[in-house]
Structure formats: C-alpha cells, structure tokens
2 protein chains.
Amino acid sequence: MSVTIKDVAKKANVAPSTVSRVIHNSPAISEKTKRKVRKVLKEMGYHMNENARNLVTKSTKAIGIVMKSSAKESLYNPFFPEVIRGIGDFCNKEGFSLSLTTGETEDAIFEDVVKMVQGRRVDGMIVLYSKKDDKVVPYLLKQGFPFVLIGKPSTNMTGITFIDNDNVQAATEVTEFVIGLGHQRIAFLGGSPEFEVISDRLMGFQQAVEQAGLDVPQEYIKLIPLNRIDGIKAIDDLLGLKEAPTAFLVTDLLLAVLLLGLLAERNVKVPQQVSVVCFNHSEFIEFLSTPLTTVDIHTYQLGYEAAKCVFDLIANPEMMEKNIRIPTKIIKGESHFAIEQEIKRKM
Amino acid sequence: MSVTIKDVAKKANVAPSTVSRVIHNSPAISEKTKRKVRKVLKEMGYHMNENARNLVTKSTKAIGIVMKSSAKESLYNPFFPEVIRGIGDFCNKEGFSLSLTTGETEDAIFEDVVKMVQGRRVDGMIVLYSKKDDKVVPYLLKQGFPFVLIGKPSTNMTGITFIDNDNVQAATEVTEFVIGLGHQRIAFLGGSPEFEVISDRLMGFQQAVEQAGLDVPQEYIKLIPLNRIDGIKAIDDLLGLKEAPTAFLVTDLLLAVLLLGLLAERNVKVPQQVSVVCFNHSEFIEFLSTPLTTVDIHTYQLGYEAAKCVFDLIANPEMMEKNIRIPTKIIKGESHFAIEQEIKRKM
DNA sequence: CTGAAAGCGCTAACAT
DNA sequence: ATGTTAGCGCTTTCAG
C-alpha cells in the first residue's frame with residue numbers, strides 16, 4: 001500500500017538498515033550512499049510509519065494534555081487556547097505532537113489518561129488545573145510517568161514538577177499598587193475559593209491590606225459563582241454599602257465586565273470615582289470602553305515552560321522536581337489613571 | 001518492563017493469540033477460558049500497547065484537528081474551545097483520541113498534517129477554517145485521506161465533505177428580523193471579507209435589505225480588521241453620519257462590545273435609541289450590561305457533527321461527500337426589545 | 001475452541 | 001561503511 005523502508009532499500013540496492021541510517025543521518029553512512037538513498041526516498045515519496053518506530057523505540061514524540069475542567073469552564077477566558085498555543089509552540093519546535101483528552105467527567109478524563117499512558121500514545125503529560133480530590137496526578141506519580149502540572153499541586157504531595165504564577169505575590173503587588181493610588185476602601189470580587197488561584201489571590205490581597213494597616217470589612221470580600229445573577233447581587237451589595245468601596249480587585253474578566261456595566265448604569269465613573277483592577281490580562285480588554293488595568297499572568301509562557309519541562313523530564317526522568325513560577329505583571333489600562341491624577345492633585 | 005500479551009499468556013497457560021481473542025471478546029473462545037484469562041489480565045494490570053496494535057491493524061482510533069488560523073486568532077471568541085468540545089465529546093463516545101497540529105505558520109501546519117497522515121498517527125482529520133490559497137485541503141484530497149472541513153471549501157473544489165452554517169441565510173434572517181422591528185437604516189459592521197464567513201454574512205445582509213426595498217448606502221457597510229483603532233474609527237464614522245443608522249448588524253462579539261462602549265460614551269441608549277444585533281452567541285454576552293441579541297451558530301454541534309462525519313468516512317471511505325448545514329438561531333437579548341415596543345406604540 | 005507461526009514497518013546489535 | 005538478523009507487541013491466517 002504505502003512505501004516502506006524495504007521498498008526504498010530494494011530500489012536503491014541497499015539494506016533496509018542502511019535506509020534507516022540515512023533517514024537518521026547516521027555518520028556511519030558514506031555521503032555517496034546517502035545521496036543515492038535520499039534520492040530514492042524522495043522519488044518514492046517515502047514517509048515514516050510512526051507506529052512502527054514508536055513500537056521499537058518505545059517513544060512517541062508526543063505529549064498529552066489533560067484538560068481537567070474542560071473547555072466548558074475555560075470557555076470565556078482565553079486561558080485554554082493561549083496555554084495550548086504556548087505548549088504547541090514548544091512542541092512544534094521539538095517535533096513533538098499533541099494529544100488531548102476528550103472526557104468531560106472526572107472518570108472519563110481519568111480513563112483517557114490511562115489510555116494515553118499505558119497505551120504508550122505519549123511520552124509525557126501536561127495537566128491543566130488540578131483540583132484537590134483528583135485521581136490523575138496521583139496516578140501519574142505512582143506510574144512514575146513524566147508529567148508537569150500547570151497550577152499548584154495539593155499540599156500533601158511531593159515530587160511534582162509544576163508551573164504556575166505566584167498568585168499570592170501577584171495579588172499582594174496589585175493590592176499595594178491600588179493602595180499606592182490612595183485607596184483605603186478596597187473590595188475583592190472573585191470566583192469560588194475552592195480554586196486555589198482564587199484563594200491564593202484573596203490571601204495576597206489580605207496580606208497587603210493588613211500590611212498597610214487598612215481595615216477591610218468582611219462585606220468587602222465577595223466570593224461567588226461565575227454567573228450573571230450572583231455577580232449582580234454581589235456587586236449590588238458592594239455598591240449599596242454605606243461606606244462603598246472606592247476600588248475593586250476582580251479575579252475574573254467576566255466579573256469585571258459585569259462590574260463595569262453596572263457601574264455605568266449607576267453613573268459611577270471609572271476611573272474618576274472608582275478604580276477597577278482585574279486579573280488575567282488579555283487582548284480582549286482593549287475592546288472595553290474602559291480599558292482595564294490588569295494583571296498579566298503570561299498564560300502563553302505558562303504553557304511554553306510546561307512543555308519545556310516535560311520535554312526535559314522525558315529526556316531525564318530522574319530529574320529533580322522543580323517549581324517554576326512565571327512572574328506576573330501589572331498592565332496599566334485606564335481604569336485607574338485618573339485616580340492617580342486625583343492623588344497628585346491632592347498633593 | 002510493562003506487561004504484554006505474552007506475559008499474560010504464559011501465566012494463564014494459553015497462547016498469545018488466545019489472549020488477544022479474549023481481549024477482543026471473540027466468540028470463538030469458551031467462557032471458561034475467557035474468565036481465566038480475564039482474571040490474569042486484571043491481576044497483572046495488562047494494558048494494550050496501541051502502537052503495536054496500530055501497526056498491524058493500520059488504524060489508530062485517533063483523529064487529527066488542523067488548527068489553521070490557530071489559537072491566536074480565535075483567542076477572544078469561544079469558537080475554538082467550543083468546537084473542540086463538540087469534537088471531543090463525539091470522539092470520547094467512540095473511543096477515539098484527538099491529535100492537534102501545533103504549527104503556527106501555513107507551512108508548519110502543512111508539515112504537521114503530512115506527519116499525521118503519512119505517519120499514520122490518525123485515521124481521519126478535521127480541518128478548522130479553510131482559506132482560499134490553502135495547501136492542506138488539496139493535499140488531503142489528493143491522498144484520498146478521510147477528512148471533513150468545518151467551514152466552506154473553495155468553490156472550485158469538489159468531493160469535500162463539509163459542515164457549516166448557512167451564513168448567507170442566517171444573515172438574511174437576522175436582517176429581516178431587524179427590518180421587522182421597523183428599522184430602515186441598518187449598518188453592517190464586520191471583520192475582513194477575506195474570510196468567507198464575513199462575506200457570506202454581508203451577502204445575506206444585502207439580499208435582505210434589497211428584498212425589503214431599503215436603501216443601504218455604502219457608508220453603512222464597514223469591513224475592518226479586528227482591533228481597537230480600526231473599530232473605533234469605523235464606529236465613529238457611522239455615528240457621525242448625518243443620517244446615522246438606527247440598527248447595527250455586527251459579525252463579531254469584539255466589535256459589538258466596542259460598539260456598546262462607544263454608544264454608552266455618547267449617551268446613545270441601547271435599545272431605546274439604536275438596536276444592536278451580533279453574530280456568534282456565547283454565554284459571555286450575559287455579562288454585558290446590555291444583553292445582546294445574537295445569532296447562535298451552534299459551535300458545539302459544528303464540532304460534534306464534523307467528528308461524526310469523519311467517523312463515518314473512516315468506516316466507509318467511498319462514501320459520497322456531503323454538506324451538513326447546522327441551523328442558526330436568533331437568541332433574543334435585550335438589545336432590541338424596546339425598539340419592538342416603540343414599533344408597537346406607533347401602531 | 002485453541003495454538004503455532006508469520007508478519008506489520010522499523011531499529012539496533014552484531015557481523016562482515 | 002553496509003548488510004544480516006532478531007525482535008518491538010500485537011493480530012491473523014491456517015492448522016489441528
């Protein structure tokens with residue numbers, strides 16, 4: 001059916017192994033034969049059967065991506081495509097291909113992982129978002145299979161290489177930034193604290209306000225599911241306080257968009273009257289009427305570094321685990337500038 | 001290293017072929033032996049080496065996804081994750097796995113495709129977004145490799161199974177809807193017409209206005225690159241016209257968001273003063289202060305049906321090509337309601 | 001109903 | 001520098 005190494009060998013009058021060596025550019029082969037064989041290779045349109053090679057070399061040049069909390073959840077924010085772009089870029093550079101889990105439920109995902117690992121479909125794995133009671137990471141760990149985690153492992157686990165941002169630190173910084181603008185009443189609006197990202201950011205926020213000696217009442221902290229109803233309620237609560245916040249630290253673009261909308265409806269001007277700062281920079285914010293000040297978590301890098309790590313881990317499985325933190329950066333939009341000017345005016 | 005069919009055979013005192021038959025649940029094997037072998041299978045934690053099986057069966061139970069116009073472009077809209085979710089769901093049901101191209105450039109993507117196809121890594125392919133001068137589709141066609149296209153093939157090509165929406169039709173419908181609300185001055189704001197989606201939608205729009213006997217001046221049609229600067233300019237132009245439009249048909253959420261923002265800045269009320277309707281529904285719009293009226297293109301279905309099609313095509317490669325159109329649906333938000341009321345009031 | 005044997009396409013000793 | 005050979009782990013005739 002399709003041309004094999006044997007066909008080429010026959011036509012070129014050499015042994016199959018010679019053809020194999022030419023393909024891998026072995027220095028043991030004379031330039032003359034190489035040329036000859038390469039010509040036939042091209043003529044016949046030879047292409048390697050990867051399954052055969054994988055079978056004997058026991059490697060696949062492929063890595064798997066575990067999409068826990070699948071597409072559905074990451075639907076609105078560019079995290080998913082962006083992190084895959086990072087992973088993909090690195091893999092492409094190294095000639096690796098990418099395999100995705102397709103399961104939606106925890107169990108289906110677990111099955112996918114087992115199939116990839118045991119079925120020898122991939123040489124390593126990248127796990128996106130790990131949650132507390134997750135079977136995948138322990139399984140990979142037990143199998144001694146090369147993998148890295150994007151996110152943070154459960155505290156009771158060791159031996160895991162993971163890539164993430166320092167969300168505590170990032171939140172501290174951005175909070176200090178807001179405090180530096182002169183704000184005293186800062187609200188924290190975020191998603192469910194069951195996600196480590198959120199609880200870390202909250203922690204960073206609290207550390208910063210404490211450090212600054214500010215008093216942040218409990219009503220200033222809203223941790224809610226990501227939907228319109230709960231969002232509106234939380235924001236209404238905040239705006240309805242007798243001592244309403246003058247600044248908002250928001251963990252999710254969606255909530256920030258909602259907030260901006262509600263503020264506009266109430267004729268509260270951003271940034272003249274309140275300041276809004278939001279996590280997870282994306283080019284989307286350019287299209288908002290009030291370009292937000294955001295924290296860039298460098299999603300692409302997260303993916304790229306993760307891929308690099310599995311790659312290293314595959315090459316050297318005994319490598320010590322490590323933890324790479326991708327720095328975050330405050331991207332100044334316009335949702336705080338005027339406040340700064342106010343401050344200056346006051347000075 | 002890891003347990004093979006031979007190990008199991010030895011321990012169970014049967015031939016390797018018997019084990020293979022048990023795994024595939026061949027009716028030729030007695031229940032007794034099946035039980036015995038299954039027990040050992042489980043005991044030893046056997047798992048199939050897919051590479052070995054792929055090698056002999058010449059099939060992979062995997063399909064490839066060609067991400068033309070990669071993640072980077074689909075970054076802001078949920079199309080990419082959503083379509084993959086659809087594909088993934090079907091594949092998962094059928095025990096198929098998913099492989100992604102990682103290339104960013106046209107050439108790199110092409111290389112990825114060749115590697116997948118010739119390397120026998122996948123049994124079929126799904127191509128997302130085809131553009132005019134694309135090498136991938138002709139290649140696949142020439143190879144006689146099973147694939148389906150999500151989008152629309154170049155007009156000069158035949159024999160391609162493709163899945164898409166009827167964008168002309170959808171645009172016609174939604175335009176008629178807007179006209180039905182009483183609008184006479186309708187603007188069309190969209191991305192680059194080099195994308196078939198856009199030009200089709202424009203065509204549908206034009207057909208509908210013509211049909212209704214409306215006059216749409218050239219200045220009402222803005223086809224621009226998707227960025228803030230060009231967007232603002234186009235919208236400013238439209239709003240600055242002496243006879244400014246009373247309704248906007250927008251092809252992209254991003255532009256719609258920008259439009260809403262600029263309208264708010266100018267104190268133009270939506271929907272009291274102007275109506276805005278936008279293509280590509282997503283749950284994101286719930287978070288906008290003015291819930292948009294949108295056209296749902298059913299991205300998930302697009303992916304799901306595409307997967308189903310390659311699956312059928314793999315099973316029966318001689319199958320006639322077909323074209324599946326996923327219907328679109330107008331999802332009424334609030335960005336047009338009041339206008340309807342106005343109309344009624346006038347009646 | 002089960003076993004023996006050949007072979008999928010490739011690589012990697014081991015020869016020469 | 002190149003050829004020979006023996007598998008990788010599985011499926012699949014062909015026998016029995």
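The values are calculated or read from the model by the stated rules, or taken from the named source; none is laboratory data. Here the structure is a predicted model, which is why all the values come from computation and not from measurement. Here the Cβ positions follow ideal geometry from the backbone for every residue, glycine too, while neighbour counts run over all protein chains shown.
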Given the structure, is A:Lys222 part of a helix (DSSP H, G or I), more than 13 Å from chain B (Cβ to nearest Cβ) and modelled with pLDDT of 95 or more?
no
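Can you go through A:Phe195, A:Phe145, A:Phe177 and tell me which one is among the hydrophobic types (A, V, I, L, M, F, W, C), more than 21 Å from A:His281 (Cβ to Cβ) and surrounded by fewer than 24 Cβ atoms within 10 Å (Cβ to Cβ)?
On inspection, the qualifying residue turns out to be A:Phe145.
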Of the numbered conditions (1) of a type in the set (A, V, I, L, M); (2) touching a strand residue (DSSP E or B) at 6+ places or on another chain (Cβ under 9 Å); (3) under 26 Å from B:Lys152 (Cβ atoms), B:Leu226 satisfies every one except a single condition; which is it?
(2)
Testing A:Lys61 on (1) over 39 Å from the mean Cα position of the chain (by Cα); (2) more than 11 Å from DNA strand D (Cβ to nearest atom); (3) under 21 Å from B:Arg120 (Cα atoms); (4) of a type in the set (D, E, K, R), one condition comes back false. Which one is that?
(1)
Only unsatisfied item for B:Ile198, checking (1) under 24 Å from B:Gly303 (Cα atoms); (2) touching a residue at least 60 places away in the same chain (Cβ under 8 Å), is (2)
Is there a residue being part of a loop (DSSP other than H, G, I, E, B), in contact with an Asp or Glu (Cβ under 9 Å, 6 or more places away or on another chain), at pLDDT below 95 and under 13 Å from B:Ile221 (Cβ atoms) anywhere in the range B:192-203?
no
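Can A:Leu249 be described as within 24 Å of the chain's Cα centre (by Cα), assigned to a strand (DSSP E or B) and closer than 22 Å to A:Gln169 by Cα?
The answer is yes for A:Leu249.
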Go through the range B:94-116 and give me each residue that's within 9 Å of chain A (Cβ to nearest Cβ) and touching a residue at least 60 places away in the same chain (Cβ under 8 Å).
B:Phe96
Restricting attention to the range A:283-297, report how many residues are closer than 30 Å to A:Ile63 by Cβ, touching a Ser or Thr at 6+ places or on another chain (Cβ under 9 Å) and surrounded by fewer than 20 Cβ atoms within 10 Å (Cβ to Cβ).
1
Given the structure, is A:Lys68 touching a Phe, Trp or Tyr at 6+ places or on another chain (Cβ under 7 Å), under 20 Å from A:Leu140 (Cβ atoms), within 15 Å of DNA strand C (Cβ to nearest atom) and among the charged types (D, E, K, R)?
no
List pairs: first in the range B:27-56 and touching a residue at least 40 places away in the same chain (Cβ under 8 Å) and under 20 Å from A:Arg121 (Cβ atoms), second within 12 Å of DNA strand C (Cβ to nearest atom) and of a type outside the set (Ser, Thr, Tyr), Cβ under 7 Å, 6+ apart or cross-chain?
B:Tyr46/B:Val8; B:Asn54/A:Asn51; B:Asn54/B:Arg120
Only one of these conditions is not met by A:Gly119: (1) at pLDDT 90 or above; (2) more than 7 Å from every other protein chain (Cβ to nearest Cβ); (3) under 15 Å from A:Tyr139 (Cα atoms). Which number is it?
(2)
What is the residue count in the range B:6-57 for residues that are within 7 Å of DNA strand C (Cβ to nearest atom), within 14 Å of another protein chain (Cβ to nearest Cβ) and part of a loop (DSSP other than H, G, I, E, B)?
0
List pairs: first in the range B:252-272 and of a type in the set (Lys, Arg), second surrounded by fewer than 23 Cβ atoms within 10 Å (Cβ to Cβ), Cβ under 7 Å, 6+ apart or cross-chain?
B:Arg266/B:Leu239
In the range B:5-32, residues that are exposed (fewer than 11 other Cβ atoms within 10 Å of the Cβ), within 9 Å of DNA strand D (Cβ to nearest atom) and farther than 16 Å from B:Val56 by Cα total 1
